[in-house]
Amino acid sequence: MRLIDYIEKLIEQDIKVIPIKSFGKSYREAKEPLIPSGFKHTNYKSKDYIETACRLTRRTYYLVKNKKIAAFGLLGAINEFIILDFDRDKFPCSKYEHLFKALSKELFVERTPRGGFHAVVKAKSDSDLHLRFYSKLGEIDNKTFGYIISHPSRLFWSGKVAKYLKLEDSPDVWDTSYLDEVQAYLDLLEIEIYRGVKLGGVRANKSLPVYDFGIDELDNKQLIALLYLIAREIGCKGLAELYRAWFEKGIIPLKNYVYANNRGIHFTFEVTTLGILKTIGLSYERAVNFVREVKYVDGIKETSPENTSLRNVYAYDERNLVVRGLCPFCKNPCIFTPLSKLLMNIQRLDIKLLRRVLVELH
Ligand SMILES: [Zn+2]
């Protein structure tokens, strides 16, 4: 179906959409929405928001008809859609492609140009819009209070084109199923649904703060040096020594002497390291690249991006797995773990300065 016909269908079904720039110098620019600033999707019940959404829907139609744009954004909450975004970097999309194909028999499922999936579920009530979705397999972005670029949109930039296409058997978005009709499929993707706070089986976790010290631009070696400086500053000598050896030899002198099949100390080291980096602002994308540096003297390496520590720290935010108890890296055990010491000292530590020193010495 041509884009203009699809938009007409959406309007017939009273589905609200927004225009997307569609053309640009970069993919990022082409993806930009054409919406007024302050158009907040959490205001989905307010008269102003609804009026603006109606106006933007008409504008999308006009712009598509006149070939000014080739893409649109499908809004979530105002259309009573729950929108789940499975990003290839955060969720093993290709591994579970067969499940998404099965899901697409009942739900509107589209493939994104980057190899991820968007799934749209119809909400039965307002409270369905506020559900939270977790999966043990990876991270799910909930775009219900936002939008997704949607089938059959296309983006154009510097001679390239990206297509958003629903899967072959997938219903159109206005025919997508209700949540309770697809429960069995969601189970296959190990998706658990919570109202408000997480319940049962999953640790109630107090979320820890994240600071942005602009460390994404540091290279992996510089990040290890920064970890060394931080470990010294918070007085974790044992941990600092591990980082120093890692920096100098490219190998972490930690042996997994506990159990052959238990990651024990390795896991603690990684959750500590990634926990520190996440806390001072390392993005998930950079962390994926960083875990490639993890090599232990006993020959064990890390795999990215499906590394368990990475998933615990970034997807589940289980940085507090090791927040309590003794620090396992120091000979005279510290009373607090490195992450709790970092959090206690973060205002005092001049991480921006440490970062600048590293950049300037480079
Ligand atoms: Zn320590």
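No value in this document is a laboratory result; all are computed from the given coordinates. Predicted model only: the values in this text are computed from it and were never measured. Methodologically, a virtual Cβ is constructed for each residue, glycine included, from the backbone with ideal geometry; neighbour enumeration extends over all protein chains shown.
Comparing Leu103, Ala70, Ile83 along the charge dipole axis of segment 65-123, the residue lying farthest to the positive side is Ala70, per the Cβ-charge model. Qualifying chymotrypsin sites (Phe, Trp or Tyr not before Pro) in segment 24-74, where qualification requires a DSSP coil assignment and no more than 16 other C-beta atoms within 10 Å, comprise Phe39. Look at Thr273, Thr60, Thr52 and count the other Cβ atoms within 10 Å of each Cβ; fewest to most, that gives Thr52, Thr60, Thr273. Taking other residues whose beta carbon is less than 14 angstrom from the beta carbon of Glu181, and scoring Lys, Arg as +1 and Asp, Glu as -1, yields -2.
For segment 74-145, lysine pairs with C-alpha atoms less than 21 angstrom apart, excluding pairs fewer than eight positions apart on the same chain, total 12.
With unit charges on the beta carbon (Lys/Arg positive, Asp/Glu negative), name the residue among Thr42, Pro152, Tyr314 whose Cα is farthest towards the positive pole of the charge dipole of the chain. Value computed over the given set: Tyr314. Here the sum of -39500 (n - 2.57) over DSSP H runs of 4 or more residues, divided by the residues of the chain, equals -9500 deg cm²/dmol at 222 nm, to the nearest 500. Here the 3J(HN,Hα) profile of segment 328-345, calculated from phi with Karplus coefficients 6.51, -1.76 and 1.60 at θ = phi - 60°, is x, 9, 9, 5, 8, x, 6, 6, 10, 6, x, 5, 5, 5, 4, 5, 5, 10 Hz, Gly and Pro shown as x. Projecting the Cα positions of Phe247, Leu353, Ile140 onto the charge dipole of the chain (unit charges on Cβ atoms of Lys, Arg, Asp and Glu, taken about the Cα centre) puts Leu353 furthest along the positive direction. Estimated at 0.36 nm per residue, the fully extended path between Asp298 and Glu51 surpasses their Cα-Cα distance by 82.7 nm.
The Cys residues in the chain with no partner Cys Cβ within less than 4.7 Å of their Cβ are Cys54, Cys93, Cys236, Cys330. One Cα centroid belongs to segment 54-92, the other to segment 104-158; the line between them spans 11 Å.
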